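One structure is given below, encoded as structure tokens.
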Amino acid sequence: PGALWHIYDAMDADKIRDFLNKVGKERGEEIEPHHDPIHDQSWYLDVELQNRLYKEYGVLGYTIVQCMGDAVFIPAGAPHQVKNLHSCIKVAEDFVSPEHLNHCFSLTQEFRLLSDTHTNHEDKLQVKNIMYHAVKDALAVLNNAEPEED
């Protein structure tokens, strides 16, 4: 095994966010404006916190053991964490599928709410740009299509 992943359902993101803020407050941390405990990537849920998340919020993630040569696909908007068990090289590619366009757009909106200096503030997915070009290309195909003869 090279890495241990915990991936959660995108629909549980708000529950996880609420839980992390709650734990932060219990530990005396100040919750700053334009702060997002998921996008800040400042937490690692150990077994104790994972158990507490399940007991208090009913949120249970998927655990994946990644071995050499394995690829891990993370669905759009799914909160996740990874613990490298050995030296690893990460290769990541963002992919926007039509089925998850709504999650990608929601993520873009979440990133906008972060402070201007936050590392995730920029729109990395470029969802609006992708949508514009997809529609533009579809219209060009339709405009260039020859009508069928009966």
* Of all strands (runs of 3 or more DSSP E) completely enclosed by region 1-92, which ones contain at least 2 residues that are open to solvent by less than 80 Å² (accessible area, probe 1.4 Å) and within 25 Å of T108 (Cα to Cα)? -> 3-7, 80-84
* Structure fact -> Counting only residues in region 103-135 that are open to solvent by 70 Å² or more (accessible area, probe 1.4 Å) and among the aromatic types (F, W, Y), the one modelled with the lowest pLDDT is identified as F105
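Listed here are the residues, each with its yes/no results for (1) under 13 Å from R17 (Cα atoms); (2) out of contact with any helix residue (DSSP H, G or I) (no Cβ under 6 Å at 6 or more places or on another chain); (3) at pLDDT below 80.
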| site | (1), (2), (3) |
| --- | --- |
| R52 | no, yes, no |
| K55 | no, yes, no |
| L60 | no, no, no |
| D70 | no, yes, no |
| A78 | yes, no, no |
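The values are calculated or read from the model by the stated rules, or taken from the named source; none is laboratory data. Everything numeric here is computed off the predicted structure, so don't read it as measured data. All Cβ positions, even for glycine, are placed from backbone atoms using ideal geometry, and neighbour counts span all protein chains on display. What goes into the accessible areas is simple: the full protein's heavy atoms, side chains included, and nothing from ligands, DNA or RNA. Shrake-Rupley method; radii C 1.70, N 1.55, O 1.52, S 1.80 Å.
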